Every structure is written in C-alpha cells, then in structure tokens.
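Taking it in order: structure first as structure tokens, then the write-up.
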Amino acid sequence: MYGSTRNSRRVFILQLTAAGGSAFALGAQAQTAKLDEKDAQASALGYAADTTKVDAKKYPKHTKDQKCSGCQLYSGKAADASGPCSIFPGKHVAANGWCSAWVKKAG
Ligand code: SF4
C-alpha cells in the first residue's frame, strides 16, 4: 500500500516535470527574436527600433509619426511592443521602429 502511494506520487512528480518541460519549450518557441538594427538587410533599409532615432539627413522623407505599427507590412497587434513584418520573416520588428520600406497602412 505504502509502496504504491510512493510510486504514484513519483509518477505524478514525473508527469509534472514533463508538463513543466513542455510548457517551457512552448514558451521558448513563442518568443520570436527581435530584429537587430545591425542585421545586414535591416541596416541596408535603415531600420531603427526607435523611429525618433532615424537619421534625418539620410532619410529626409522620414517623419516621426511613421512607425512600424502604422506600416502596411506590419502584422503585429495594436497592443504589442513588437510584431512580424513581411520584409523580415522570422523576426519581430519594434512597433515604434521604422525602415525606409515604410508604407502607410491602408484604412
Ligand atoms: Fe517597419 Fe514597415 Fe519597415 Fe517592416 S517595412 S520594418 S513594418 S517600417
């Protein structure tokens, strides 16, 4: 009797550990890497994670109200600090970021 209780407790703990492990793996998967400004394609397009830090001399048409969150190519949710951009697959761009491919979101 005692032995079987101990065994089921052990199985329960093993199951908890396994469940915890999967939750951790899911959490790690859900976290998409942020686009690095130094990434070759990002820097070629003048990407800045903060639209207020864009080089005005290099990009005279840029205005501070142009942000990834207002770009046609951005598909993040309004409340999120970052989200996917179709130009940079597999990475998240900052909602307050900008690059020279910025296109005003329709609507
Ligand atoms: Fe941001 Fe648009 Fe440039 Fe993507 S294309 S990085 S959403 S400004």
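Could you please find all residues in the range 51-67 being touching a residue at least 40 places away in the same chain (Cβ under 8 Å), among the β-branched types (Val, Ile, Thr) and part of a loop (DSSP other than H, G, I, E, B)? Val54, the sole residue that qualifies. Which of the residues belonging to the range 77-107 are part of a strand (DSSP E or B), within 15 Å of Leu45 (Cα to Cα) and among the small types (Gly, Ala, Ser)? The answer is Ala94, and nothing else.
Any read-out appearing in this document is the output of simple, stated calculations on the displayed coordinates, not a laboratory observation. As the structure is a prediction and not an experimental result, all values here were calculated from the model. Using ideal geometry, Cβ is built from the backbone for each residue, glycine included, and neighbour counts are taken over all protein chains shown.
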